[in-house]
1. Evaluate the following for B:Leu25: is it hydrophobic (A, V, I, L, M, F, W, C), within 9 Å of another protein chain (Cβ to nearest Cβ), more than 30 Å from A:Ala46 (Cβ to Cβ) and crowded, with 16+ Cβ neighbours inside 10 Å?
2. Could you pull out the residue among B:Ala85, B:Ala80 that is at the interface with another protein chain (Cβ under 8 Å from one of its Cβ atoms), closer than 28 Å to B:Arg113 by Cα and in a helix (DSSP H, G or I)?
3. Name every residue in segment A:10-39 that is of a type in the set (A, V, I, L, M) and within 28 Å of the chain's Cα centre (by Cα), in order of residue number.
4. Output the number of the condition that A:Ala35 fails; it satisfies all remaining conditions of (1) more than 30 Å from A:Leu270 (Cα to Cα); (2) within 12 Å of chain B (Cβ to nearest Cβ); (3) of a type in the set (Gly, Ala, Ser).
5. Does A:Arg4 fit the bill of being within 32 Å of the chain's Cα centre (by Cα), of a type in the set (Lys, Arg) and either near DNA strand D (Cβ under 8 Å from one of its atoms) or assigned to a loop (DSSP other than H, G, I, E, B) (or both)?
6. So in segment B:9-22, with the set limited to residues that are more than 9 Å from DNA strand D (Cβ to nearest atom) and in contact (Cβ under 8 Å) with a residue 24 or more places away in the chain, which one is surrounded by the fewest Cβ atoms within 10 Å (Cβ to Cβ)?
7. Please go through segment B:65-108 and give me each residue that is surrounded by fewer than 17 Cβ atoms within 10 Å (Cβ to Cβ) and among the small types (Gly, Ala, Ser), ordered by number.
8. Which residues, counting only those in segment A:144-156, are among the hydrophobic types (A, V, I, L, M, F, W, C) and either buried (at least 18 other Cβ atoms within 10 Å of the Cβ) or not in a loop (DSSP other than H, G, I, E, B) (or both)?
Protein chains: 2
Amino acid sequence: MEIREIEIFLTLAEELHFGRTAERLHVSQARVSQAISRQERRIGVALFDRTSRRVSLTPVGRRLREDLQKALDLLRDGLARAEAAGLGAGQTLRLGVFGHAGYELRPLVDVFRTRYPGSDVQFNEITGGHPFTALRTGDNDVNVVWLPVAEPDLTVGPTVYVGGRVLAVSADHPLAERGTASLEDLADYHVVDLGPDAPEYWVASMVPTRTPSGRRIPRGPAARTFHEILSLVATGRCVHPLGEIAARYNSPPGIVFLPMPDAPDLHWALTWRSTADSAAIRALAQTAADLGPISLDRSSAAPVAG
Amino acid sequence: MEIREIEIFLTLAEELHFGRTAERLHVSQARVSQAISRQERRIGVALFDRTSRRVSLTPVGRRLREDLQKALDLLRDGLARAEAAGLGAGQTLRLGVFGHAGYELRPLVDVFRTRYPGSDVQFNEITGGHPFTALRTGDNDVNVVWLPVAEPDLTVGPTVYVGGRVLAVSADHPLAERGTASLEDLADYHVVDLGPDAPEYWVASMVPTRTPSGRRIPRGPAARTFHEILSLVATGRCVHPLGEIAARYNSPPGIVFLPMPDAPDLHWALTWRSTADSAAIRALAQTAADLGPISLDRSSAAPVAG
DNA sequence: TGACTTTACGGTTGCCGTAACGATT
DNA sequence: AATCGTTACGGCAACCGTAAAGTCA
């Protein structure tokens with residue numbers, strides 16, 4: 001007898017419909033049927049009368065429903081209480097972000113701290129060259145990265161902000177005078193190669209391998225960190241797209257950030273190791289989901305002097 | 001959160017010792033450690049303070065223990081009530097036995113029927129040639145077979161009786177005059193071949209492949225059923241060991257059953273498909289365990305006329 | 001015939017055991 | 001040094017999804 005099977009039983013007892021039960025629990029219809037059959041075999045008595053048209057509880061099922069509902073409520077209350085105690089006891093989540101992105105997360109962090117006074121968030125810097133490494137080594141609990149993320153060992157949580165891209169070019173670059181850049185421009189120059197530790201598909205969602213018209217975008221010299229990238233760009237040997245947040249809080253010498261109006265917005269989401277799921281992470285994710293994504297355009301954040 | 005983990009938590013809360021907890025639950029010590037760690041991570045707070053010398057509940061753990069204990073009790077009560085309703089509702093277990101072995105099971109069946117008035121047992125005959133087939137096809141719910149049984153898909157339950165062996169020989173066989181037979185005698189004659197559907201190791205536990213002194217015991221003509229075996233034996237072409245129960249209720253013409261004092265006793269146990277576990281089967285197994293094995297020697301059963 | 005449930009089958013997750021390691025008295 | 005808890009790793013059972021079959025109105 002597993003908790004999951006009890007949930008399925010209770011939901012079916014409420015819905016009296018296998019399809020709707022499956023939908024509500026986000027499982028297949030077959031799974032509901034299997035779970036109920038199995039329970040009935042183990043217990044040795046029919047819990048539901050069913051045809052392909054009607055599902056109804058047997059007397060035994062009705063009684064079992066009452067008992068199990070009470071037990072499950074008790075169980076969840078107990079766990080919730082323990083969790084609340086834990087969140088009040090002072091845990092610090094280590095949150096990986098690119099550059100100054102943490103600054104944009106202030107609303108989220110403020111609400112999180114208010115809701116869970118014992119808990120806190122500490123920002124660690126992550127880099128394009130190693131977007132997930134710190135998660136996997138256990139050095140970070142949660143990272144904020146642009147989507148899509150399709151790593152089998154990672155869970156993608158709510159999106160925390162949405163924003164556009166800018167192209168970093170050297171101040172004396174031919175594009176600098178135009179004031180904006182387009183995806184099509186990328187094919188004319190080299191972009192930074194983030195190296196083998198960043199998944200290909202993930203890099204490509206920031207820096208496509210081809211322009212919209214199909215021209216190849218050449219990958220140039222390699223760099224891992226924000227400042228390594230800027231160093232390369234400053235020499236004029238390459239250009240590189242970044243989240244617009246990079247332009248908001250940085251004015252590096254010899255670099256110009258050009259808006260890229262034709263590049264679709266990027267979604268930045270909380271991400272964590274699936275097996276490292278914990279109460280604090282769930283609490284942060286829930287808080288982020290409640291707040292919804294912050295749009296960088298509407299952000300009221302004031303620029304900060306470096 | 002799984003039921004099993006809750007059990008582990010509650011047991012450890014009681015024992016305050018990882019090793020004893022593991023023993024009580026029949027799992028490894030590592031498993032207990034893993035389960036507790038995992039729960040603590042998910043909940044986000046330590047439930048036990050522990051060194052390698054002392055284990056004690058934290059305040060949060062103490063509170064959780066009370067809640068979970070109540071929830072688990074409720075859950076088990078509900079399931080027990082539903083199960084009891086099922087057992088009272090009238091199920092018939094199909095019990096596979098060799099020949100007249102069902103007769104020896106009367107004490108078990110009587111107690112079972114008394115305890116669970118709605119349930120019943122029906123005997124189906126099984127044969128040495130196909131000891132497990134009916135279980136696997138679903139034609140029988142439980143079989144009574146001699147041990148050892150080492151089939152990955154089958155569960156071996158309590159032993160229901162213990163008894164010796166007899167050797168079936170034709171009435172004019174040289175051994176008949178002696179009145180007894182020994183394992184060593186088998187090498188001098190052929191024994192029946194039960195065919196490919198009975199596992200080799202299982203057949204060998206009734207009919208060894210070699211005598212104690214190491215001589216090979218030749219396998220003779222093939223037969224599947226009790227009466228096929230007796231037919232072969234009656235012709236004098238082979239001999240064959242059987243459970244002594246065969247001698248008790250049969251006096252087939254032209255056949256003599258010789259006790260085999262040097263053959264170790266056989267244990268006969270309830271066996272069922274692991275995946276077909278059900279309340280009725282558990283009830284029967286529990287009843288059998290409570291009664292303990294019936295010794296055929298001390299059996300008060302009166303011989304029955306063929 | 002169409003809506004709904006059940007059965008069959010295969011992939012993948014995660015439970016759990018074995019074994020080695022670490023920590024405390 | 002002995003006892004006890006933790007970590008690492010691998011095998012395998014069970015969960016669950018897909019797809020097809022079965023059943024009732």
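The values are calculated or read from the model by the stated rules, or taken from the named source; none is laboratory data. Please read all numbers here as calculations on a predicted model, not as lab measurements. Cβ: placed from backbone, ideal geometry, glycine included. Neighbour counts: every protein chain shown.
1. On the way: hydrophobic (A, V, I, L, M, F, W, C): yes; within 9 Å of another protein chain (Cβ to nearest Cβ): no; more than 30 Å from A:Ala46 (Cβ to Cβ): yes; crowded, with 16+ Cβ neighbours inside 10 Å: yes.
Considered against the rule, which asks whether it is hydrophobic (A, V, I, L, M, F, W, C), within 9 Å of another protein chain (Cβ to nearest Cβ), more than 30 Å from A:Ala46 (Cβ to Cβ) and crowded, with 16+ Cβ neighbours inside 10 Å, B:Leu25 comes out as no.
2. Details: B:Ala80 fails: at the interface with another protein chain (Cβ under 8 Å from one of its Cβ atoms).
The match here is B:Ala85.
3. Step one: of segment A:10-39, the residues of a type in the set (A, V, I, L, M) are A:10, A:12-13, A:16, A:22, A:25, A:27, A:30, A:32, A:35-36.
Answer for segment A:10-39, where residues must be of a type in the set (A, V, I, L, M) and within 28 Å of the chain's Cα centre (by Cα): A:Ala22, A:Leu25, A:Val27.
4. Here A:Ala35 meets the rest and fails (2).
5. yes
6. Looking only at segment B:9-22, we keep the residues that are more than 9 Å from DNA strand D (Cβ to nearest atom), and these are B:9-11, B:13-14.
Now drop any that are not in contact (Cβ under 8 Å) with a residue 24 or more places away in the chain, which leaves B:9-10, B:13.
Working: B:Phe9: 25, B:Leu10: 16, B:Ala13: 22.
Checking each candidate, the answer is B:Leu10.
7. Hits for segment B:65-108 are B:Ala80, B:Gly88, B:Ala89, B:Gly90.
8. Of all residues in segment A:144-156, those among the hydrophobic types (A, V, I, L, M, F, W, C) come to A:144-147, A:149-150, A:154, A:156.
Within segment A:144-156, A:Val144, A:Val145, A:Trp146, A:Val149, A:Leu154, A:Val156 meet the criteria.
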